[in-house]
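Worksheet for the structure shown next.
The values are calculated or read from the model by the stated rules, or taken from the named source; none is laboratory data. Quick caveat: nothing in here was measured; it's all calculated off a predicted structure. When we count neighbours, we look across all protein chains shown, and the Cβ atoms used for this are built from the backbone with ideal geometry, even at glycine. To get the accessible areas, we keep the full protein, side chains included, count just its heavy atoms, and leave off ligands, DNA and RNA. Shrake-Rupley method; radii C 1.70, N 1.55, O 1.52, S 1.80 Å.
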Amino acid sequence: MFEQLKKLAAFYEEVLSMPHRQEIARELRDQDDLFLLLLYSEMIGIPNPVYYYTLELYPYMLEDFHDWHLRMGMDKSPLTGIRCC
């Protein structure tokens, strides 16, 4: 009985989110882009007061850097220390 209710709730959630799936994905991508901009802002020349604390995140974010700078309209990497292209 409990499993059937879980399946019904999952189906209901899927039906509600189906027409908005692209909007949700776009919003999540925009939030990721803003976060990466804040993360790399000091290297681009924009002052970042929390630069010292974001240094720990760079190894985890390097994989997404190439896709980010292409979405932002930069053909080549704007950072001299990071070569991804």
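Descriptive notes on the structure:
- Scanning the stretch 48-72 for residues being open to solvent by 90 Å² or more (accessible area, probe 1.4 Å) and not in a helix (DSSP H, G or I) gives a total of 1.
- Among the conditions (1) open to solvent by 100 Å² or more (accessible area, probe 1.4 Å); (2) assigned to a helix (DSSP H, G or I); (3) modelled with pLDDT under 80; (4) of a type in the set (Asp, Glu), the only one that ASP75 does not satisfy is (2).
- Count of the stretch 1-22 residues which are acidic (Asp, Glu), open to solvent by 100 Å² or more (accessible area, probe 1.4 Å) and under 24 Å from the mean Cα position of the chain (by Cα): 1
- Residues located in the stretch 1-47, provided they are within 17 Å of LEU62 (Cα to Cα) and in a loop (DSSP other than H, G, I, E, B): none
- Conditions (1) modelled with pLDDT of 80 or more; (2) exposed (fewer than 10 other Cβ atoms within 10 Å of the Cβ); (3) touching a helix residue (DSSP H, G or I) at 6+ places or on another chain (Cβ under 8 Å); number of the one not met by ARG29: (2)
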